[in-house]
Amino acid sequence: MLAKYAIIVRRAGVLTAGAAAIMVAVSAALAGAKGLYGALIGVALVAVFFGLSVLVVGRAARISPPAMMVAAIITYLVKIVALAIVVTILHGMTAFSDRALGVTALGCILVWSAAQVITAAKVKMLYVEPDQQPPKQTARRGG
């Protein structure tokens, strides 16, 4: 299961990095230096948040599938609170384009999510992990 998860994360990361590069270039072209800074902050925000999820869920997956689900849900909730805090802190700053930050972050999130869904649909993954050892057979005595 971890090998399949790594394939999904790798493909999503590569596609998101490509989209991020395009969005940074477009933001810089349209809004200048402030657009560049805003887009770079958006990319950094998405990279940190999704990177954190990958690390936490990957480690929990080594323990068990239920632990992986709990870790994913808790990480999601923590990221929502952290995002609210970051947006509150960044609100009203004029050193960067908040529009470039928002569009770039949203674009990267959508590309990451779509890449994960499409890759997961294409990768053959078991929904139920088979037992590692076959069940023990007991000898029956006729009588």
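Some observations on this one:
- Taking each DSSP H run with n ≥ 4 as -39500 (n - 2.57) and averaging over every residue of the chain yields -29000 deg cm²/dmol at 222 nm.
- Nearest 10 degrees, 0 to 90: helix 2-63 Cα axis against the chain principal axis: 10
- Accessible surface computed residue by residue for the chain, with neighbouring protein chains in place and a 1.4 Å probe, gives 71 Å² per residue.
- Mean sequence separation of contacting Cα pairs (under 8 Å, at least six apart), scaled by the length of segment 26-96, corresponds to a relative contact order of 33 percent.
- Two-decimal log10 I(q)/I(0) for the chain, as the Debye equation yields it once each C-alpha is a single scatterer, q = 0.09, 0.12, 0.14 Å⁻¹: -0.39, -0.60, -0.75
- Rel. contact order, % - alpha carbon contacts under 8 angstrom, at least six apart, the chain: 41
- Heavy-atom surface analysis with a 1.4 Å probe gives the chain a carbon and sulfur content of 70 percent of its accessible area.
- Dipole magnitude for the chain: about 660 debye, using +1 per Lys or Arg Cβ and -1 per Asp or Glu Cβ, origin at the Cα centre.
The values are calculated or read from the model by the stated rules, or taken from the named source; none is laboratory data. This one's a predicted model, so the numbers in the text were calculated from it and none came from an experiment. As a convention, Cβ positions derive from the backbone with ideal geometry for all residues, glycine included, and neighbour counts pool all protein chains shown. To get the accessible areas, we keep the full protein, side chains included, count just its heavy atoms, and leave off ligands, DNA and RNA. Shrake-Rupley method; radii C 1.70, N 1.55, O 1.52, S 1.80 Å.
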